[in-house]
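The values are calculated or read from the model by the stated rules, or taken from the named source; none is laboratory data. Owing to the predicted nature of the structure, the values given are computational and were not obtained by experimental measurement. Using ideal geometry, Cβ is built from the backbone for each residue, glycine included, and neighbour counts are taken over all protein chains shown.
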Amino acid sequence: MAVSGPLVLVGFGEAYAAIETAWSLRDAGFRVAAFTRRGERPAVRRVRGVEVHEVSPPEDGVEETLDDLRRLISILDPAALMPLDDASVLLSGALEDVTIAGPSGKRIEYALDKALQVEAARAAGLLVPPTAIVMSADELEVKEFPAFVKPARALYEVNGRLTRPTGSVVADEEELKRVAAEEWHPPLLVQPLLEGVGEGVFGIVAKDGVTALSAHRRVRMLNPQGSASSACESIAVEEALVGPVERFLTSIEWSGLFMVEVLRDAEGRAWFMELNGRAWGSMALARRRGFEYPAWNVHEALDPDFVPVEPTDPPEILARHLGMELAHLAFVARGPQSKALDSWPRLWPTIRAMTRTSRRDRLYNWRRSEPDVLAADTWSFLRFFARRMLRSER
């Protein structure tokens, strides 16, 4: 099918949401180009009609990446640029002469800074875990174990390069000392370790406010300690969350697509975890139900009067990422990295759950007319995961 609409530049092409975003945009009549880190071979290159362009990795130098992006924008002259991961959200704030279909201005700070998010969420009436903001190793203390110590920012610029540290669960003072001895990028957040099931509330803020709401529940995570969903299922949007979510987004003057992540505990309480201000990894589930958030986001950026048409009877489905499901097994087999994680899933029950299928099952990044996309995505993810596991064990 020939597509002749406006060109949208998306990136980075390695982002979990790249493939589904490209399909959403192409199905809406947009032409799609993607930028990727030099030397990477993302599976989005297999999506029919997508041009892939290499730029210098921001982990090697932010200014070099920006120079490459500016040159690319001047050559392609896209109608819009849509950031797909935290690095591209940060970089987009320094780009001129292109419409950004994503956070801009102070919204970039809210998209990337969890300390700002928790403050605004609490003021909006969302349930927020007790949170301490720590600026140095000397301040790192935990009043009640177990706890979760995590970066306040999604990524940090250190000596002109981007770095993305991860959080750690600590069960006692010994584990806390180990975390304190690691490389530091303040600020950090210290929160009690809450047990529960992750949920997401999704939508888009258009001219008339928050609309096109949907929700899902995590069935499995890539890393059971906390990470992207390897499997998730659609659920109804809880009415009690709608008001606080709307107040939260209004207070930070949000526009475009969003995901508000919460953790549902055993008592049924929904604790605010974070705002995801760009396309999310489980986009396949929303799209299989008719919620075309990526295309809607670009339409809204190009036309302030745009209002999305929501699906009237979205199906109830379970979506799975094949590569992440296989990697999830590896995490389960390896076992927890902290004594606090005493509810770690067991291997054989996990295998049994993963091998059960039903008619509501769908796969991320699968399209019957482009089967090589799923194959390339699975291989690409498993290769990336294997490299990361090897580095972490050195």
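Some points to look at:
- Residue that is surrounded by the most Cβ atoms within 10 Å (Cβ to Cβ) [pool: residues in the stretch 132-162 that are without any contact (Cβ under 8 Å) to a residue 40 or more places away in the chain and assigned to a helix (DSSP H, G or I)]: E139
Per-residue answers, yes or no, for (1) small (G, A, S); (2) farther than 17 Å from T99 by Cβ; (3) in contact (Cβ under 8 Å) with a residue 12 or more places away in the chain; (4) assigned to a strand (DSSP E or B):
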position	(1), (2), (3), (4)
F35	no, no, yes, yes
G49	yes, yes, yes, no
D60	no, yes, yes, no
E64	no, yes, no, no
R70	no, no, yes, no
I75	no, no, no, no
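- When the stretch 294-304 is limited to residues that are more than 13 Å from A18 (Cβ to Cβ) and out of contact with any Gly (no Cβ under 8 Å at 6 or more places or on another chain), the one that is surrounded by the fewest Cβ atoms within 10 Å (Cβ to Cβ) turns out to be P304.
- Of the residues R362, R367, R394, the single one that is charged (D, E, K, R), at pLDDT below 90 and either over 30 Å from D265 (Cβ atoms) or not in a helix (DSSP H, G or I) (or both) is R394.
- The single condition among (1) of a type outside the set (A, V, I, L, M); (2) surrounded by fewer than 16 Cβ atoms within 10 Å (Cβ to Cβ); (3) touching a residue at least 24 places away in the same chain (Cβ under 8 Å); (4) not assigned by TED's automatic domain parsing to the domain that holds K143 that P186 does not meet is (4).
- Considering A286, A295, the condition of being over 16 Å from R360 (Cα atoms) and either modelled with pLDDT under 95 or not hydroxyl-bearing (S, T, Y) (or both) is satisfied by A295 alone.
- Residue among L91, L81 that alone is under 24 Å from E109 (Cβ atoms), buried (at least 24 other Cβ atoms within 10 Å of the Cβ) and in contact (Cβ under 8 Å) with a residue 12 or more places away in the chain: L81
- Only one entry of L81, L116, L90 meets the criterion of being on the phi < 0 side of the Ramachandran plot and part of a strand (DSSP E or B), and that entry is L81.
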